[in-house]
1. Which pairs do you get when a residue that is closer than 19 Å to D26 by Cβ, found in segment 48-64, comes within reach of a residue that is of a type in the set (S, T, N, Q) and in a loop (DSSP other than H, G, I, E, B), reach meaning Cβ atoms under 6 angstrom, with the pair 6+ apart or on two chains?
2. Which of the residues belonging to segment 134-157 are on the phi > 0 side of the Ramachandran plot and among the small types (G, A, S)?
3. Within segment 471-489, which residues are within 27 Å of G351 (Cα to Cα), in contact (Cβ under 8 Å) with a residue 24 or more places away in the chain and buried (at least 17 other Cβ atoms within 10 Å of the Cβ)?
4. Can we say E240 is at pLDDT 95 or above, in contact with an Asp or Glu (Cβ under 7 Å, 6 or more places away or on another chain), in a loop (DSSP other than H, G, I, E, B) and charged (D, E, K, R)?
5. List, please: which pairs have Cβ atoms under 9 Å, are six or more places apart or on different chains, and start with a residue in segment 365-378 that is closer than 18 Å to G181 by Cβ and end with one that is assigned to a helix (DSSP H, G or I) and among the acidic types (D, E)?
6. Take the residues in segment 91-126 that are within 30 Å of R438 (Cβ to Cβ), of a type in the set (S, T, N, Q) and in contact with a strand residue (DSSP E or B) (Cβ under 8 Å, 6 or more places away or on another chain), then tell me which one is surrounded by the most Cβ atoms within 10 Å (Cβ to Cβ).
7. Could you check, for segment 43-51, whether at least one of its residues is more than 9 Å from the ligand (Cβ to nearest atom) and in a helix (DSSP H, G or I)?
Amino acid sequence: MQYHLNGFRPGDPAHHPATDTKSDTDVLIVGTGPAGLTLAAYLAQFPHIRTRIIERRDGPLVMGQADGIACRTMEMFQAFGFAHRVAHEAYHVNETTFWNPDDTGQITRTGRIDDVEEGLSEQPHVILSQARVHDFYLDLMRKAPTRLEPEYGTEITGLTIADTVTAHTNNGDIETRYVIGCDGARSAVRRALNIPLQGAAENAAWGVMDILATTDFPDIRLKSAIQSRDQGSLLIIPREGGYMVRFYIELAKLNPDERVADRDLTADDLIAAARRILAPHTLDVKEVVWWSVYEIGQRVTDRFANTAPGDTTPPQVFIAGDACHTHSPKAGQGMNVSMQDAFNLGWKLQGVIEGRAPASLLHSYSAERQAVAQDLIDFDRDFARAFAAKGKDPKAFQSHFQKHARYTAGVETRYAPSQLTGPADHQSLATGYTIGKRFHSAPVIRWADAHKMQLGHTITANGRWRLFHFVGDTDHTGALGTLIATYTPANADPDAIIDLRTIVQTPHRMTTAGTTHAPVKGTLGLQDMEKLFCPDPSADIFDTRGIDRKIGALVLVRPDQYVSHVLPPGQQDVLVNWLNQILGSGP
Ligand code: FAD
């Protein structure tokens with residue numbers, strides 16, 4: 001973490017001095033779920049953007065809802081600066097077990113596997129209450145320069161869209177440039193836009209409960225998928241803290257027009273169903289912390305903004321998270337995908353509002369994230385069916401689970417070629433950085449202080465682009481710095497728009513770069529010595545990420561950690577053409 005750039009300041013470096021906020025609202029976020037809070041925490045750091053966030057409830061969420069945090073989401077939390085807090089509190093999913101009926105019909109363990117494939121991410125797959133994730137975001141917002149706080153007890157009821165947008169709420173109208181509906185599955189913003197959620201219900205009822213219990217079932221502290229012979233299926237998710245556990249329990253099949261609410265199910269019904277599936281193992285529930293029943297269904301909207309694909313008018317209203325896609329919770333994707341929606345939108349809104357990107361950039365939000373959601377819906381339908389299926393092959397669900405583990409870890413998202421995602425012409429220069437996928441971190445050694453670290457951890461969620469310059473036969477850092485300066489406003493730090501980081505091939509003790517890779521920054525004109533990296537000999541990044549050692553590679557990374565392009569360092573005109581279409585003209 002870097003601080004004291006503009007002079008020494010005592011105390012918590014994450015607590016920024018407050019700045020004056022302008023009175024006109026730029027962005028109104030509706031809902032303080034994971035999507036709304038990700039966007040709010042992101043925008044809260046920009047003093048020139050006036051963000052407000054409203055919430056129908058009277059206060060923050062305290063329990064229940066989602067709990068699965070995928071590796072990819074932890075990578076994003078790292079960029080926000082609180083991954084270590086989540087990792088410290090959370091349950092870490094190391095192994096998953098599978099139970100199926102034996103010949104006598106009794107459940108028996110049929111498989112035990114690593115939950116996450118080695119090397120998939122430097123971050124773990126963890127389980128932590130959604131409410132705690134909200135707390136971390138709220139903490140960031142409180143300490144941000146704009147001191148953003150949710151306005152609780154405020155419910156949106158409708159919208160009027162003209163040159164600006166007017167949001168009608170129970171506490172009066174709010175006029176704003178943009179509205180983001182992060183208001184969940186029954187989104188009022190979506191209704192106001194008249195965009196239907198399309199899809200179908202599976203007529204299957206499930207229960208979920210967080211309990212404190214004792215049992216002689218041995219895998220109670222492992223993620224376990226249990227398929228009984230004729231009592232349904234159960235998914236065990238151990239929870240943070242060492243004692244609490246979550247059960248997802250298959251309940252009855254519903255009739256075509258029946259709703260699960262019509263069945264008047266109680267927590268005791270859920271416990272009884274869980275006991276039947278676990279039998280002959282015991283289950284003695286001491287406390288039901290939270291429980292709920294739900295129906296499985298997969299639904300998605302065909303666009304995530306008030307404009308349709310092909311429209312030239314830039315969008316002013318967006319929807320994100322459950323407001324535009326809902327699915328079953330067992331694959332643990334809801335909270336994760338919702339937060340990634342918001343991360344995708346955040347930097348685009350910031351760029352446009354700060355006047356650094358054309359408003360047409362906002363079209364790419366719906367285009368990119370609707371495709372991701374559609375994939376998720378298709379995946380979830382198969383996953384839910386595979387889990388509930390009572391097939392002949394006891395390993396069928398295990399195979400399905402293993403096959404899709406990269407997907408559920410969140411690292412398979414790949415944006416199609418577009419104005420933001422380059423063609424694969426030079427992909428061979430860095431085969432481990434797939435264009436359109438997230439930047440896959442790897443260990444390096446920071447040259448200036450010999451600090452062993454992850455290269456991906458240089459990417460903080462602050463709206464900047466990153467240009468990683470892997471040096472081949474020639475070091476182009478000087479010329480690249482000059483080029484980047486043409487995109488940087490006068491008086492801004494040299495890395496304010498594009499943050500250039502150089503990775504050389506020589507071991508750190510033999511590298512003699514001096515201060516030539518240290519740009520001068522801040523009001524005091526200090527040198528930033530943290531821009532140069534060397535390979536970690538235990539896993540040389542040039543090998544692990546397939547970098548061409550002769551030509552080297554430029555890896556351009558978007559503010560949301562996705563690889564925008566891979567280019568040859570010596571052909572700067574190609575880089576200039578690419579940057580010009582994203583950032584406007586440079587040199
Ligand atoms: P949400 O988290 O739903 O947040 C929407 C927010 O908007 C809420 O705070 C809501 O109060 C607010 N809001 C709604 N309407 C308005 C309005 N008109 N004006 C102002 N504010 C409004 N996922 C799992 O993985 N496992 C689970 O067991 C699980 N259980 C769930 C149980 C429930 C009851 C719910 C609602 C969701 C559950 N989910 C579960 C889904 C998971 O929580 C969501 O996928 C995730 O929270 C989506 O985040 P979001 O920010 O899009 O929406």
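1. R50/T21; I54/T154; E55/T32
2. Within segment 134-157, G153 is the sole residue that qualifies.
3. Within segment 471-489, T477, L480, G481, L483, Y487 qualify.
4. yes
5. Y365/D341; R369/D341; V372/D341; A373/D341
6. T96
7. Yes; the residues of segment 43-51 include at least one that is more than 9 Å from the ligand (Cβ to nearest atom) and in a helix (DSSP H, G or I).
For every residue, the table says whether it meets (1) farther than 22 Å from S187 by Cβ; (2) at pLDDT 95 or above; (3) not charged (D, E, K, R).
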site	(1), (2), (3)
L39	no, yes, yes
L43	no, yes, yes
H48	yes, no, yes
I53	no, yes, yes
D58	no, yes, no
M63	yes, no, yes
R72	yes, yes, no
M76	yes, yes, yes
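The values are calculated or read from the model by the stated rules, or taken from the named source; none is laboratory data. Quick caveat: nothing in here was measured; it's all calculated off a predicted structure. Note: ideal-geometry Cβ built from the backbone for every residue, glycine included; neighbour counts use all protein chains shown.
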